[in-house]
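So the structure is just underneath, and the comments pick up after that.
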2 protein chains.
Amino acid sequence: MARLVLKFGGTSVATVERIRNVARHVAREVKAGHQVAVVVSAMSGVTNTLVGYVNDAATSGMAMDGFYDQMEYDAVVASGEQVTSGLLAIVLQAMGLPARSFQGWQIPLITDDAHGAARILDLDGKALIDTMASGTVAVIAGFQGIGPTGRIATLGRGGSDTSAVAVAAAIGADRCDIYTDVDGVYTTDPRIVPKARRLEKIAFEEMLEMASLGAKVLQVRSVELAMVKKVRTFVRSSFDDPETVGVDAHGNPPGTLICDEDEIVETQVVTGIAYSKDEAQISLRRVADKPGVAAAVFGALAEANINVDMIVQNTTADGSTTDITFTVPAVDEGRARSVLEGAQTVIGPTLIESSADVVKVSVIGIGMRSHAGVAAEAFKALAGKGINIRAITTSEIKISVLIDAAYTELAVRTLHSVYGLDKH
Amino acid sequence: MARLVLKFGGTSVATVERIRNVARHVAREVKAGHQVAVVVSAMSGVTNTLVGYVNDAATSGMAMDGFYDQMEYDAVVASGEQVTSGLLAIVLQAMGLPARSFQGWQIPLITDDAHGAARILDLDGKALIDTMASGTVAVIAGFQGIGPTGRIATLGRGGSDTSAVAVAAAIGADRCDIYTDVDGVYTTDPRIVPKARRLEKIAFEEMLEMASLGAKVLQVRSVELAMVKKVRTFVRSSFDDPETVGVDAHGNPPGTLICDEDEIVETQVVTGIAYSKDEAQISLRRVADKPGVAAAVFGALAEANINVDMIVQNTTADGSTTDITFTVPAVDEGRARSVLEGAQTVIGPTLIESSADVVKVSVIGIGMRSHAGVAAEAFKALAGKGINIRAITTSEIKISVLIDAAYTELAVRTLHSVYGLDKH
C-alpha cells in the first residue's frame, strides 16, 4: 500500500469523457491497494475564458479603466478547478469508488496575500489523510488556496503542479504522479533531435535547470518545492490506456522519476541539453572602464525589475573603455533599452545594441561536478560546426552558451551527440 | 441614507456588457447616498451547462450509474454565481466604486444539510454590514451557502431570490429590490388581459397566493421568507435605463412593492387574478360511501409524496356510493393513477378518471376578509359566460375554481373586469 498523489492538467480533463479516462487511472491505483489523492486543473479553455471575462469587465472606459482587484480575479478564475473537482468526484462515485472534492479553502491550503500568484504558506494534511484512510479518494481543486483575509487565492499559471507537490509533501505521499501530454522528460527536445531518449530518472537539481531552461514539462516552482520537500515526482502520459499501460522490468510504467540524486544509481556526466529562445542580448559598447559603472547599469535594470542572466565584460584594446554584454528576457528588451538610455546620465554616453535573435543552449548534468573538461568539450564541438559563442555562464551542474538563433537545432543536435545522449 | 439589497437574475448578468448595466444601477443607488449589497445569479445558461456536465458525469454505465452526491453537484453548480460575483465586483471597481465579492461560505450563510435544495438556517450579517459601512459595495454570490459539514450547499432553483431576502433580513435592509425581466406584479397576466394594471403595492399574503398560483415573478420561498422577516421587497425591471429611470409622485420608480398590509392605505377587495395550468383533475367514481375511504385515498397519495390540492366530495343519489374529485400537480397525474389503482384493495373497486385539460383560476385579495359576496360574484360572472365550475376551494384571502382549460382566457378576463381591475 502506498499513498499517491495524481495530478491531471487541463487537456486531460477537457471534457466529461476525458474526466472518465482520468477516473480510470485513479481506479487502477485504488484497485492496486493505494490511497489516492487527485489534483485537477480547470477544463482546458475554461481558465482563458474566465480571464477574458475579467479583462473585459475591467475595461469600463471609466475612472479606473483596466484596474481590477486580484482577489476578485482569483474568485472568478478559481471556479474552473472547482467545477472539475466536483465532476471527477461524481464520475468516481458513479464508478462505485467513494470520492469527495476539496476546494483550497476546505483543505485548507493557506497562501500569502500575493493574490493571482500566491505562494503556499501552509497545507494541513489532516483532512486529506483522514479522507484517504477511510477509503475515499480526495479530489482536490488545484491552483488555489485561501489567503490571510479568508479570500480565495490562486497560485498563478501552472499552479496545479505546485498544488500537487504541496499536497504530496503534506500527506507524506510515496510519490506524486504528474500526468501530462508527454510521457516523460527527454534528454532534449524530441522535435529537434529525433534521437532524444526519455530519461528513467532525473535529479531534482537537473530537472530544475531543464525546467527553467525551456523544457516545459513541469512548472519551475513545483520542481523547487519537490526538491525542498523531497517529493518523488513522476512525469507520465495521461494518454496511456489506464488499464493496459505496461510496466518495465522494475515494475514502473513509462515515465520519468524526478528524485533525489542518491536514488540514481548510475549518474551520467550529462543528463540533457536544454535551450531557451526567450532571451535577448544587450551590448553596451565603449563604456567608460571605471569603478561603479557595472553597478550603475545593473542597478538601474534591477530597479526596473528586469532579470539579467548572462553577463560578459571585455576590456577593449585602449584600456579606457569596456564592452558589457548581458541577456534579459526577450519580452523586456525594449524596456531594458529605455532604462539604459535613461541611465546614461550616470554611466556616460554609450552605444546600446540589442538583439532577440539569440538562443541559450545549456548542457546539464549532476555528474559534471566530478568531471573536468565537460565545458571544453562543448566549446570544441560548437567550434567544429562553426558556431560562434556570444556569451557563457556556468554553474556546478550546467554550462550555458548564447549563440545565434539560426544555429539552435545544429547546436542542440551536436551537443546531444557529443555527450553520448543519442539513442542506442 | 438607506441600506439596500439589489438582486439581479441570470438574464440581467448574461454577458459582461449586461453586468456593466447592472453596475450602473448599483452606481445610481450609491450616488444617492445608499449603502448597497448586491445579490447575483449565474450568467444565464451557465447553470444549465453545469447541470448538464453533472448528469453526464453521473452516467458512467457502471456500478452506480446515474447516482451522484448532491454535495458534489453543489460544488460544481455554485461556481456559476461565484464567477458573476467576482465579475460584478471588478466592473464596479473599474467604475471607481469600491466593491468586494462574498461567496456563501465567506459571509457565512449557514444552511441545513439538504444539499441541492438547502434551507437557510442562519446568516450572520456582520461582515456585510461592516463592508457596507466602510463604503464598499458587497457583491454576494446568490443561491448558495455552507452546510453543516463545511461543504458548499445550494438553495435549489431560483434560490438567489431567497438569498437576497435573507441578506436583507440579516442586515436590516430598508428594502430588497428584485430586478427582473418584468416591471412589477400585475393584476393578472398581461398576455391574457391587455388591460392588466401594474400594482403599486401588494401585501405579502397576496403575493404568496399570486406566486404559488403561477405568477412567476418571484420564487415562493423568497416571498414566504420576506413575509416572516417583514422584508419590504420591490419588484422592478432590470431593463430600465439605470440613469434616466423616472419616479412617480411618491419618488418611486416603476415597480411593485411587496409589503405588510399595514403599509397599503387603500386596500382593494380583490388585488389580482391568477391562474395555473399545472394541475390535473382526478375523479374516483362510485366509491363506497363509508368511513375511512377518504383517509385511504389521500393517505396513499401522501405516502407517494403527491400533493393534493382541491378536494370535492359529492354523495350520489343512491346514498351508498360517493364521487371524490381532487387535483394533483399535472406532472404527477400518471403516478397518482398508479397509486390509486394499487389502493383499490383497500378502497374497493372504483372508476378512476383523470384529465390535465383543466385550469385553476384564483381571485386574490386581502380585502375579501371584510367583504361578503366576493365568491358569489365570481360564480355568477362565470355562469353568465357559460363556464362550468368543476371544483372550488377558498381561503380567507382567495377563491379558486377549477374549470376546463379552454375557458382560461375568458374566465380570467371576465373576473378581472368584474372586480374592477381593468385599467382606467
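The values are calculated or read from the model by the stated rules, or taken from the named source; none is laboratory data. Bear in mind the structure is a predicted one, so any value in this text is a computation, not a measurement. Neighbour counts run over all protein chains shown; Cβ positions are idealised from the backbone, glycine included. The area values use the complete protein model at the heavy-atom level, side chains included, leaving out ligands, DNA and RNA. Shrake-Rupley method; radii C 1.70, N 1.55, O 1.52, S 1.80 Å.
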Practice task
Sort out which residues of the stretch B:1-29 are surrounded by 16 or more Cβ atoms within 10 Å (Cβ to Cβ) and hydrophobic (A, V, I, L, M, F, W, C), and write them in order of number.
Solution key: B:L4, B:V5, B:L6, B:F8, B:V13, B:A14, B:V16, B:I19, B:V22, B:A23, B:V26, B:A27
Practice task
Could you check A:L225 against (1) part of a helix (DSSP H, G or I); (2) free of Cβ contacts under 8 Å to residues at least 60 places away in the same chain; (3) aliphatic (A, V, I, L, M) and say which number it fails?
Solution key: (2)
Handout entry: Members of the stretch A:43-58 found to be within 12 Å of chain B (Cβ to nearest Cβ) and more than 21 Å from B:I19 (Cβ to Cβ), listed by number
Key = A:M43
Completion exercise
By residue number, the members of the stretch B:372-384 that are part of a loop (DSSP other than H, G, I, E, B) and open to solvent by 50 Å² or more (accessible area, probe 1.4 Å) are B:A372
Exercise for the section: Go through (1) under 28 Å from the mean Cα position of the chain (by Cα); (2) over 30 Å from A:I19 (Cβ atoms); (3) without any contact (Cβ under 8 Å) to a residue 60 or more places away in the chain; (4) surrounded by fewer than 16 Cβ atoms within 10 Å (Cβ to Cβ) and name the single condition B:A32 misses. Expected result: (1)
Exercise for the section: Test A:R198 against the stated conditions and say whether it is open to solvent by less than 10 Å² (accessible area, probe 1.4 Å) and basic (K, R). Expected result: no
Handout entry: Sole residue being assigned to a loop (DSSP other than H, G, I, E, B) and either modelled with pLDDT under 95 or open to solvent by less than 50 Å² (accessible area, probe 1.4 Å) (or both), chosen from B:I387, B:I324, B:I392
Key = B:I387
Practice task
Please work out if B:V231 is on the phi < 0 side of the Ramachandran plot, in contact (Cβ under 8 Å) with a residue 40 or more places away in the chain, part of a loop (DSSP other than H, G, I, E, B) and not basic (K, R).
Solution key: yes
Handout entry: Residue among A:P242, A:P254 that alone is touching a His at 6+ places or on another chain (Cβ under 6 Å), in contact (Cβ under 8 Å) with a residue 12 or more places away in the chain, over 18 Å from A:K398 (Cβ atoms) and assigned by TED's automatic domain parsing to the domain that holds A:R119
Key = A:P242
Exercise for the section: Identify, from the list A:K201, A:K195, the residue that is over 16 Å from A:L257 (Cα atoms), modelled with pLDDT of 90 or more and in contact with an Asp or Glu (Cβ under 8 Å, 6 or more places away or on another chain). Expected result: A:K195
Exercise for the section: Answer yes or no: is there a residue in the stretch B:327-341 that is crowded, with 17+ Cβ neighbours inside 10 Å, at pLDDT below 90, within 22 Å of B:A280 (Cβ to Cβ) and in contact with a strand residue (DSSP E or B) (Cβ under 9 Å, 6 or more places away or on another chain). Expected result: no
Completion exercise
Cβ pairs under 7 Å, 6+ apart or interchain, first in the stretch B:4-27 and within 14 Å of chain A (Cβ to nearest Cβ), second aromatic (F, W, Y) and open to solvent by less than 20 Å² (accessible area, probe 1.4 Å), ordered by first then second residue, are B:V22/B:F8
Practice task
Scan the stretch B:187-194 and give yes if some residue there is closer than 24 Å to B:G10 by Cβ, touching a Lys or Arg at 6+ places or on another chain (Cβ under 7 Å) and open to solvent by 30 Å² or more (accessible area, probe 1.4 Å), otherwise no.
Solution key: no
Practice task
Answer with yes or no whether B:D183 is part of a helix (DSSP H, G or I), more than 24 Å from A:Q82 (Cα to Cα) and open to solvent by 40 Å² or more (accessible area, probe 1.4 Å).
Solution key: no
Problem - Test: residue in the stretch A:118-140 that is under 17 Å from B:V83 (Cβ atoms) and either small (G, A, S) or in contact (Cβ under 8 Å) with a residue 12 or more places away in the chain (or both) - result: no
Handout entry: Of the criteria (1) open to solvent by 10 Å² or more (accessible area, probe 1.4 Å); (2) closer than 30 Å to A:V293 by Cβ; (3) of a type outside the set (V, I, T), which one A:R369 fails
Key = (2)
Completion exercise
Log entry, pairs with first residue in the stretch B:395-424 being over 17 Å from B:P194 (Cβ atoms) and in a loop (DSSP other than H, G, I, E, B), second being open to solvent by 40 Å² or more (accessible area, probe 1.4 Å) and of a type in the set (F, W, Y), beta carbons closer than 7 Å, six or more apart or on different chains, reads none
Completion exercise
Screening B:G147, B:G158 for residues that are surrounded by fewer than 24 Cβ atoms within 10 Å (Cβ to Cβ), more than 14 Å from every other protein chain (Cβ to nearest Cβ) and not hydroxyl-bearing (S, T, Y) leaves only B:G158
Problem - Filter pass, B:R175 being at pLDDT 95 or above, under 30 Å from B:R369 (Cβ atoms) and open to solvent by 10 Å² or more (accessible area, probe 1.4 Å) - result: yes
Exercise for the section: Confirm whether A:V36 is more than 9 Å from chain B (Cβ to nearest Cβ) and either at pLDDT 95 or above or within 21 Å of B:M71 (Cβ to Cβ) (or both). Expected result: yes
Exercise for the section: Report whether or not B:R24 is assigned to a helix (DSSP H, G or I) and in contact with an Asp or Glu (Cβ under 8 Å, 6 or more places away or on another chain). Expected result: yes
Practice task
Would you check if there is a residue in the stretch B:335-357 being outside any helix (DSSP H, G or I), among the basic types (K, R) and over 30 Å from B:I258 (Cβ atoms)?
Solution key: no
Exercise for the section: Please give the strands (runs of 3 or more DSSP E) falling wholly within the stretch A:240-305 in which 1 or more residues are open to solvent by 60 Å² or more (accessible area, probe 1.4 Å) and at pLDDT below 90. Expected result: A:279-288
